[in-house]
Amino acid sequence: MTLPAAAAGRFTFPGTGIRVNRMGYGAMQLAGPHVFGPPKDRDEALAVLKEAVSLGIDHIDTSDFYGPYVTNELIHEALAPYPGNLVLVTKIGGYRNDRGDWLLAHDENFLRRSVQDNLDRLTLERIEIVNLRMEGPDDDIAPPMRVMRAMQEEGLIGHIGISTITPQQLQIARDIAPLVCVQNHYNLVHRQDDAMIDELADAGIAYVPYFPLGGFSPMQSAGLNEVAAEMNASPQQVALAWLLARSPNILVIPGTSRRSHLRQNIEAAALGFTPDQRRRLDSLSG
Ligand SMILES: NC(=O)c1ccc[n+]([C@@H]2O[C@H](COP(=O)([O-])OP(=O)(O)OC[C@H]3O[C@@H](n4cnc5c(N)ncnc54)[C@H](OP(=O)(O)O)[C@@H]3O)[C@@H](O)[C@H]2O)c1
């Protein structure tokens, strides 16, 4: 049976044999307001996760930053024992303090403890893909990448991704270990990474844009609204379909706390553009 998320097509992470639908789900929005504390509606959060899987989502992005710990606990409660095809991708390199501030930490002990925390909360023996979250262009990615590589060799991590990185950091990271994905801020109106996406596509590495719908600042674009109205679709659906059309190595992980939005987002996997619509969307760069 073909499930709706499969309409986005499939992607194999390089050198892994791990195949996922290009339409995935980002769990960050399941935590409470400002991604801090418990969900507004716990039953709905659990239902979103279950419905995502039932609609064919087999790639869920998460982190212990979210809550903290909230999304991993919800994923475990809703989905364990996990379907064999489900790929849970987590990220490490940061934490939240009591006030909800987002803080970065990259020392070896911290990274190792973070992997262990994810394994414990998700009840896994190994996490297939772990992203190392960086913060700024001046962060030295080499030392934490060497720790990631060591944890991979020890079998705690299956494969490595990196997040919030510059082209220079990407190059340094690729010289230390094979990467399977990069997660950076990118969407229809925020396209700083165009060249990086093409470089990664040539290498078969996934590019997983965060804030595909604008994140905390919903995307505003008259041109997007115009195309959406013509297609009888929502602007969010068109923004996701544009990402899927942009490059075959883009995997989308829109975040939502509601089943109604989840269904709409997954329906975007089946949308196609006329050449004119595609050209107008391509020219919207903000
Ligand atoms: N690597 C990193 O540093 C990093 C940073 C940020 C995010 N991420 C990951 O990327 C994922 C995606 O980013 P995101 O969740 O921050 O932002 P996003 O997907 O761009 O947008 C989420 C927002 O859009 C709303 N929304 C979702 N579907 C909608 C629809 N069909 N119609 C109208 N509104 C809709 C959500 O509200 P409702 O809940 O009301 O639907 C939420 O406010 C996250 O979940 C997380 O897993 C990673």
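Residue-level analysis places I205 outside the set of residues that are surrounded by fewer than 18 Cβ atoms within 10 Å (Cβ to Cβ), hydrophobic (A, V, I, L, M, F, W, C), farther than 16 Å from L284 by Cβ and in contact with an Asp or Glu (Cβ under 9 Å, 6 or more places away or on another chain). Annotation: of all residues in the stretch 231-247 being farther than 15 Å from L284 by Cα and touching a helix residue (DSSP H, G or I) at 6+ places or on another chain (Cβ under 7 Å), the one that is farthest from the ligand (Cβ to nearest atom) is S247. Applying the condition of being assigned to a loop (DSSP other than H, G, I, E, B), more than 18 Å from V48 (Cβ to Cβ) and touching a Gly at 6+ places or on another chain (Cβ under 6 Å) to the stretch 1-37 and asking which residue is farthest from the ligand (Cβ to nearest atom) yields P14. For D194, are the conditions met, namely being under 20 Å from T12 (Cα atoms), of a type outside the set (G, A, S) and without any contact (Cβ under 8 Å) to a residue 40 or more places away in the chain? Here the answer is no, as D194 does not meet what is asked.
Considering only the stretch 255-264, I want to know if a residue exists there that is loosely packed, with under 14 Cβ neighbours inside 10 Å, free of Cβ contacts under 8 Å to residues at least 24 places away in the same chain, within 13 Å of the ligand (Cβ to nearest atom) and part of a helix (DSSP H, G or I). Checked the stretch 255-264: at least one residue is loosely packed, with under 14 Cβ neighbours inside 10 Å, free of Cβ contacts under 8 Å to residues at least 24 places away in the same chain, within 13 Å of the ligand (Cβ to nearest atom) and part of a helix (DSSP H, G or I).
Whether any residue in the stretch 212-228 is within 14 Å of the ligand (Cβ to nearest atom), touching a strand residue (DSSP E or B) at 6+ places or on another chain (Cβ under 9 Å), part of a loop (DSSP other than H, G, I, E, B) and on the phi > 0 side of the Ramachandran plot is what I want to check. Yes, the conditions are met somewhere in the stretch 212-228. Can you pull out every residue in the stretch 38-63 that is touching a strand residue (DSSP E or B) at 6+ places or on another chain (Cβ under 7 Å) and more than 10 Å from the ligand (Cβ to nearest atom)? Selection gives A52, G56, I57, D58, H59.
Those strands (runs of 3 or more DSSP E) of the stretch 99-188 in which 1 or more residues are at pLDDT 95 or above and of a type in the set (S, T, N, Q) occupy 127-133, 157-163, 179-183.
The values are calculated or read from the model by the stated rules, or taken from the named source; none is laboratory data. Everything quoted here is computed from the prediction, not taken from an experiment. Reconstructed Cβ throughout: ideal geometry from the backbone, glycine too, with neighbour counts over all protein chains shown.
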